[in-house]
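First the structure, in the form of structure tokens, and then the observations on it.
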Amino acid sequence: MPLRLSNLFLRTLRDNPADAEVASHRLLVRAGYIRRAAPGVYSWLPLGIMVLRKLEAIVREEMDRIGAQEIHLPALLPKEPYEATGRWEDYGDNIFRLQDRKDADYLLAPTHEEIFTLLVKDLYTSYKDLPVSLYQIQTKYRDEARPRAGLLRGREFIMKDSYSFCLEEEDQRAAYDAHRAAYLRIFERLGLDVVPVDAVSGAMGGSASEEFLFPCEIGEDTFVESDGGYRANVEAVTTVPPQEISVDGLPPAEVHHTPGTDTIETLVAAANADHPRPDRPWTAADTLKNVVIAVVMPDGERRVAVIAVPGDRDVDLKRVEATVGEHLGAAGEVTVEAATAEDLEAHPLLVRGYIGPGLELEKQVLGEEAASGIPYLVDPRVVPGTRWITGANHRDQHVFGLVAGRDFTWDGVIESVVVQEGDPAPDGSGPLRTRRGIELGHIFHLGKRYAEALGLQVLDVNGKLSTVTMGSYGFGVTRVLAAIAEANNDERGLVWPGSVAPADVHVVATGKDPAIAEAAETLVASLEAQGVSVMFDDRPKVSPGVKFSDAELVGVPTIVVVGRGLAEGMIELKDRRSGQAEQVPVDDAVTAVVERVSSMR
């Protein structure tokens, strides 16, 4: 049956919603696909449901193609499995928690690793049952602190999440590769130029990890690429460290009075003015900048750490957040921010503007815990034998010629600085360039973390209990829909690709002549009989201008106009994307439309 606008539950808007920041948000609301119910929560209207169901169908086809089997798990989940894996605490404020009338704790699922694991544990006991891959398309919930950009960052969203369960590493690699290939096919069918990039696993755990990013200026993720084919999220970029240098024969470090040099710029200026060297001027790259950060642990504890980086580089707190937790022993996600004045007051040895590593003199005076036990982490460029100008932990004093590995040590090495255009790719494939992107999918080798925590074991070929290895594969269905809208629009509205458009053709009947309405009805019936889905603007008292505006806003790929040309036996076929129109004889219209639709599906 055609979608008749005379009775379709649809109201288009001429003005942009006040809270809409990006094109997809503006247009999906204005064109009547979604409607805001609460911050980060949206109602799906008939047109939105049609696009969503077509997108889900493509995902299902590709998951079924690799042998994954669909199930459906509840969104309301008990606390105990998440407590067993530590994620009840690790998630902190990022999940919705609630209690039933008996005061039992529950959560609205952000992901389903635990429940998938327990389901397989409940039903499978032998190596003969494995490998198996299961998936679902399910609503997820996360208590986003700042929901924004419509469907791109919401509190309620739809995901396809799948999990592979294997005993052999070879089988797990095959499952991972199969999902990766399936994702690439899905994006190709959707017409999205998505790129897979190396990523970090974060709180999900596991080893190998890739994100699927859609390059877009409004994206919240930054990734890098080289001409040689290297691609990675900036959080996963690794630095090629310099060669270590022998410390033999290096002169001792010297402390100099450097008043008013609490910034890198003033320090470099003072060094060149008061302590010049013969071979070349001092630069920011010769200094070691010590940045104090505050890390909020999964249990809410606030810990201070110091990160040392070359003075010509800035710290990227998002990169720090991705890996600093493992240096501090955190089992889950942590939040990182710049240290506050209160943080520094709580640690008086941290002298703002003159912070340095724990010097031997400090250790002699204050003991081994020279910096109050604060973790001291360094950039990979800080290797044994490198010499630095850095703070002396006293106001108006800096150390010149401080040698890494001889004069100071560190608690760990962390990737923490902003990746810059021109930095070398870690695989030697050339200089890096940075781009923005929207994360649409993420796949992981999870390993045995969840299986061990929840006791998922089966009997192996020798009759011994063996822990199952898992993979996790997320695909943001509603986020992908928003990305399609973001990539397919113009100043007039949405321009859906044929694979997910709410209809194949938008028929617009214009004019008061009853013959026009009759011809349009006949055309619609003939198209439907040929398997072409039709949106039919049959509204009798709406002006042609409004009908054309709505057709362009809604974004069906092909617009067919039955109007004044009918008197000459012609109707108009218009391509929504290019705007090109052609006049087609009425008798040839069905054939022309069917051929056009077939080429776009």
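On the stretch given as the stretch 477-535, residues that are among the acidic types (D, E) and in contact with a Ser or Thr (Cβ under 7 Å, 6 or more places away or on another chain) total 2. One residue stands out among those in the stretch 412-445 that are in a loop (DSSP other than H, G, I, E, B) and of a type in the set (D, E, K, R): the one that is nearest to the chain's Cα centre (by Cα), which is E415.
Mind checking whether some residue in the stretch 478-498 is free of Cβ contacts under 8 Å to residues at least 24 places away in the same chain, part of a loop (DSSP other than H, G, I, E, B), acidic (D, E) and surrounded by fewer than 18 Cβ atoms within 10 Å (Cβ to Cβ)? Yes, that holds for at least one residue.
Taken over the stretch 149-164, residues that are open to solvent by 10 Å² or more (accessible area, probe 1.4 Å) and acidic (D, E) amount to 1.
Of the strands (runs of 3 or more DSSP E) that lie entirely inside the stretch 1-82, those containing 3 or more residues that are open to solvent by 10 Å² or more (accessible area, probe 1.4 Å) span 34-38, 41-44. Would you say G563 is among the small types (G, A, S), farther than 19 Å from R11 by Cα and open to solvent by less than 10 Å² (accessible area, probe 1.4 Å)? Yes: the conditions hold for G563. Among residues of the stretch 308-326 that are modelled with pLDDT of 90 or more, those with a Cβ under 6 angstrom from a residue that is open to solvent by 10 Å² or more (accessible area, probe 1.4 Å) and polar (S, T, N, Q), sequence gap 6+ or separate chain, pair up as A308/N290. Of everything in the stretch 148-167 that is over 14 Å from the mean Cα position of the chain (by Cα) and assigned to a loop (DSSP other than H, G, I, E, B), the residue that is nearest to E113 (Cα to Cα) is L167. Take the stretch 538-563 and flag every residue that is charged (D, E, K, R) and within 38 Å of the chain's Cα centre (by Cα). Within the stretch 538-563, K547, D550, E552 meet the criteria.
Selection within the stretch 42-67: residues that are touching a residue at least 60 places away in the same chain (Cβ under 8 Å) and basic (K, R). The member of this set that is farthest from A483 (Cα to Cα) is R65. Among the residues of the stretch 284-300, is any of a type outside the set (A, V, I, L, M), open to solvent by 60 Å² or more (accessible area, probe 1.4 Å) and out of contact with any strand residue (DSSP E or B) (no Cβ under 9 Å at 6 or more places or on another chain)? For the stretch 284-300, residues of a type outside the set (A, V, I, L, M), open to solvent by 60 Å² or more (accessible area, probe 1.4 Å) and out of contact with any strand residue (DSSP E or B) (no Cβ under 9 Å at 6 or more places or on another chain): present. One residue stands out in the stretch 83-122 among those that are in a helix (DSSP H, G or I) and of a type in the set (K, R): the one that is most open to solvent (accessible area, probe 1.4 Å), namely K121. Here S164, S226, S246 are screened, and the one residue that is out of contact with any strand residue (DSSP E or B) (no Cβ under 9 Å at 6 or more places or on another chain) and either without any contact (Cβ under 8 Å) to a residue 24 or more places away in the chain or more than 30 Å from G353 (Cβ to Cβ) (or both) is S246.
Here the stretch 168-180 is the region considered, the condition is being part of a helix (DSSP H, G or I) and open to solvent by 40 Å² or more (accessible area, probe 1.4 Å), and the residue that is nearest to V500 (Cα to Cα) is R180. The strands (runs of 3 or more DSSP E) found entirely in the stretch 346-411 that carry 1 or more residues being over 41 Å from the mean Cα position of the chain (by Cα) and modelled with pLDDT of 95 or more are 397-403. A517 passes every criterion in (1) closer than 28 Å to I58 by Cα; (2) surrounded by fewer than 18 Cβ atoms within 10 Å (Cβ to Cβ) apart from (1).
The values are calculated or read from the model by the stated rules, or taken from the named source; none is laboratory data. Bear in mind the structure is a predicted one, so any value in this text is a computation, not a measurement. Every residue, glycine among them, receives a Cβ derived from its backbone with ideal geometry; neighbour counts consider all protein chains shown. The area values use the complete protein model at the heavy-atom level, side chains included, leaving out ligands, DNA and RNA. Shrake-Rupley method; radii C 1.70, N 1.55, O 1.52, S 1.80 Å.
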